[in-house]
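As structure tokens, the structure follows; a few thoughts come after it.
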Amino acid sequence: MAPKKLMFVTGNVNKLAEVREILGDVIEVENRNVDLDELQGTIEQITKDKCKRAAEILKGPVLVEDTCLAFKAMGELPGPYIKWFLKELGPDNLHKMLAGFDDKSAEAICTFGYSEGPGHEPIIFQGRTEGKLVPARGPPTFGWDPAFEVNGTTYAEMDKEEKNKISHRSRALAKLSNWLEEHTA
């Protein structure tokens, strides 16, 4: 059975705000900023590992998230390592990574891991949104949003409500929300 309150392990205030906005009617979301080293591997392996370690550290139910940006031309890289590319290049220069490729398509992938607590196998909820990498447009307030375009508009150019209807995070949270409703008494 799911808890009445979720402890979301993040220090990212933008992620926290989106999660609360999307899940607000389903469950109360609190957060803790816990520094978790990230395993190298697939999106699912990384998320499960983070979730298991967070549950051990916090001694209870946790929710973790891993967000990726996969470039089709690069065999889905940088994928889970986008954080480091973004840190070095910034959203204004991400599109330059695909300068030598005709294919500018990308997929935003959000993977949430939920664990009931220490010793419990994490459950994965994943959402994906197809788009493309473009020169940055819109306010640079949230990660690579200015460089990821869906149907002619970057995430950064969208208002929150519009983005939350189509984003990779909202799709993953819809799956989590359905699971929570089914498993909450």
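The values are calculated or read from the model by the stated rules, or taken from the named source; none is laboratory data. Keep in mind that this is a model prediction, so the values were computed, not measured. When we count neighbours, we look across all protein chains shown, and the Cβ atoms used for this are built from the backbone with ideal geometry, even at glycine.
Within the stretch 74-126, the residues that satisfy the criterion of being farther than 16 Å from ASP145 by Cα and either touching a strand residue (DSSP E or B) at 6+ places or on another chain (Cβ under 6 Å) or part of a strand (DSSP E or B) (or both) are GLU76, LEU98, THR111, PHE112, GLY113, TYR114, SER115, PRO122, ILE123, ILE124, PHE125, GLN126.
If you filter the stretch 68-103 down to residues that are among the aromatic types (Phe, Trp, Tyr) and buried (at least 16 other Cβ atoms within 10 Å of the Cβ), you find that the one that is farthest from GLU44 (Cα to Cα) is PHE85. When LYS160 is tested against (1) closer than 19 Å to ILE46 by Cα; (2) at pLDDT below 95; (3) surrounded by fewer than 20 Cβ atoms within 10 Å (Cβ to Cβ), exactly one condition is not met: (1). Of all residues in the stretch 152-174, those satisfying the criterion of being assigned to a helix (DSSP H, G or I) and not aliphatic (A, V, I, L, M) are TYR155, GLU157, LYS160, GLU161, GLU162, LYS163, ASN164, LYS165, HIS168, ARG169, SER170, ARG171. Comparison of GLU30, GLU65 shows that the only residue that is in a strand (DSSP E or B) and loosely packed, with under 15 Cβ neighbours inside 10 Å is GLU30.
The rows are residues; the columns are (1) closer than 13 Å to PHE112 by Cβ; (2) in contact (Cβ under 8 Å) with a residue 24 or more places away in the chain; (3) over 14 Å from the mean Cα position of the chain (by Cα).
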{"position": "GLU18", "(1), (2), (3)": "yes, yes, no"}
{"position": "THR47", "(1), (2), (3)": "yes, yes, no"}
{"position": "ILE57", "(1), (2), (3)": "no, no, yes"}
{"position": "LEU94", "(1), (2), (3)": "no, yes, yes"}
